[in-house]
1. Tell me, which residue of region 8-32 that is assigned to a loop (DSSP other than H, G, I, E, B), surrounded by fewer than 17 Cβ atoms within 10 Å (Cβ to Cβ) and away from ligand 1 (no atom under 12 Å from the Cβ) is farthest from the chain's Cα centre (by Cα)?
2. For region 48-90, enumerate the residues that are part of a loop (DSSP other than H, G, I, E, B) and under 23 Å from the mean Cα position of the chain (by Cα).
3. Just checking: which of the strands (runs of 3 or more DSSP E) contained wholly in region 171-274 hold 2 or more residues that are under 21 Å from residue 98 (Cβ atoms) and at pLDDT 95 or above?
4. For region 75-90, enumerate the residues that are in contact (Cβ under 8 Å) with a residue 40 or more places away in the chain and surrounded by 20 or more Cβ atoms within 10 Å (Cβ to Cβ).
5. Condition first: buried (at least 21 other Cβ atoms within 10 Å of the Cβ), in contact (Cβ under 8 Å) with a residue 24 or more places away in the chain, in the same structural domain as residue 129 (by TED's automatic domain parsing) and within 19 Å of residue 238 (Cα to Cα). Can you find one or more residues in region 146-154 that meet it?
6. Within region 91-109, restricting attention to residues that are surrounded by 19 or more Cβ atoms within 10 Å (Cβ to Cβ) and part of a helix (DSSP H, G or I), which residue is nearest to ligand 2 (Cβ to nearest atom)?
7. Run down 196, 268 and say which single residue is more than 24 Å from residue 324 (Cα to Cα), outside the structural domain of residue 132 (by TED's automatic domain parsing) and within 18 Å of the chain's Cα centre (by Cα).
8. Condition first: out of contact with any strand residue (DSSP E or B) (no Cβ under 8 Å at 6 or more places or on another chain), part of a helix (DSSP H, G or I) and within 15 Å of ligand 1 (Cβ to nearest atom). Now tell me which residues in region 133-163 satisfy that.
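The values are calculated or read from the model by the stated rules, or taken from the named source; none is laboratory data. This structure is a prediction, so every number in the text was calculated from the model and none was measured. Here the Cβ positions follow ideal geometry from the backbone for every residue, glycine too, while neighbour counts run over all protein chains shown.
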Ligand SMILES: C[S@@+](CC[C@H](N)C(=O)[O-])C[C@H]1O[C@@H](n2cnc3c(N)ncnc32)[C@H](O)[C@@H]1O
Ligand code: SF4
């Protein structure tokens with residue numbers, strides 16, 4: 001779908017240590033490795049800029065790994081490259097993911113000066129016991145102090161990630177965490193269901209050694225519903241299944257992504273979607289470095305066929321509160337209303353989905369069943 005937004009994602013693949021549940025592409029690294037990575041990253045950003053000179057960049061997202069782990073001069077240098085070689089919108093939303101352990105006043109001041117205007121903290125929980133179980137290196141107090149520090153440095157658009165389904169976590173613990181974050185003034189909260197990813201320490205402990213048990217699906221949905229009710233009462237709108245924001249603080253970058261808008265990813269494992277092409281990133285440093293130094297055009301990599309594009313559009317769009325634009329599906333050649341007439345009629349009759357202003361959306365109280373609904377609506 002072309003909504004005139006264009007995002008840039010920058011992957012920073014370094015962390016202080018690996019959390020027990022995380023399978024993102026990241027590692028611990030020394031200064032020489034970090035320097036080497038940024039040399040290639042900046043080269044890629046400059047090298048590919050010609051292709052995007054007519055694009056108006058509406059959002060930039062530094063994700064990871066942990067962008068706040070590296071010295072802020074590296075981030076500032078990337079921002080300089082983006083400003084020099086890309087056409088950034090005046091109101092471009094620029095987010096950086098930060099870990100409460102690695103943030104300092106100087107880093108935050110440097111981010112602010114470089115044009116970054118949104119901070120997303122990985123808080124996960126405000127129970128020290130839960131944080132310890134999942135291998136976080138900070139405690140609850142440090143997480144709240146990090147939010148306070150960001151406010152002191154002039155950031156008002158602050159988000160916090162929470163996890164649902166941490167071993168030993170209860171609804172009342174989650175509700176207390178939400179209340180504390182609301183009290184601390186964060187404008188946006190992401191509440192993710194904890195996924196057990198193969199190859200992680202948590203997966204091993206739960207699925208292989210059975211030394212830790214976790215809440216079942218019903219218990220997690222119950223915790224999610226409690227958090228949803230409280231957030232709604234506090235004035236946070238659920239605009240995506242896991243994302244809640246005060247009015248005007250919805251994450252533009254992610255909305256563009258969920259609406260199948262276009263974006264380019266730079267760095268290790270960063271994928272892109274533009275000109276109807278999905279381009280995968282490299283997961284190994286050496287492969288990524290060869291790709292950058294040899295100047296291979298990214299377009300020569302995997303493209304999505306029409307069926308895959310429809311599937312992806314449906315899977316992302318139906319997670320949004322607003323739902324999915326029927327026009328965007330028609331543009332991809334999928335007339336969902338006639339091809340899935342029977343199941344759609346049944347869903348509407350049972351108030352599972354609704355059609356409003358050209359959008360097909362999951363009913364508010366059926367969000368827990370989104371994945372099943374998507375499966376039944378795939379072509
Ligand atoms: C790149 S991290 C955020 C920044 C920083 N690395 C940190 O953890 O503080 C992105 C977010 O993904 C979420 N995440 C990571 N692994 C997950 C998993 N297995 N299940 C659900 N959410 C996960 C966490 O909430 C995390 O904050
Ligand atoms: S959750 Fe964040 S800090 Fe922990 S390993 Fe993953 S990316 Fe790194």
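1. 30
2. 55, 65, 66, 70, 71, 86 - these are the residues of region 48-90 that are part of a loop (DSSP other than H, G, I, E, B) and under 23 Å from the mean Cα position of the chain (by Cα).
3. By residue number, 188-193, 243-245, 262-266.
4. Within region 75-90, 75, 78, 82, 86 qualify.
5. no
6. If we take residues in region 91-109 being surrounded by 19 or more Cβ atoms within 10 Å (Cβ to Cβ) and part of a helix (DSSP H, G or I), then 107 is nearest to ligand 2 (Cβ to nearest atom).
7. Sole residue among the options that is more than 24 Å from residue 324 (Cα to Cα), outside the structural domain of residue 132 (by TED's automatic domain parsing) and within 18 Å of the chain's Cα centre (by Cα): 268.
8. Listed by number, the residues that qualify are 133, 140, 142, 144, 145, 149.
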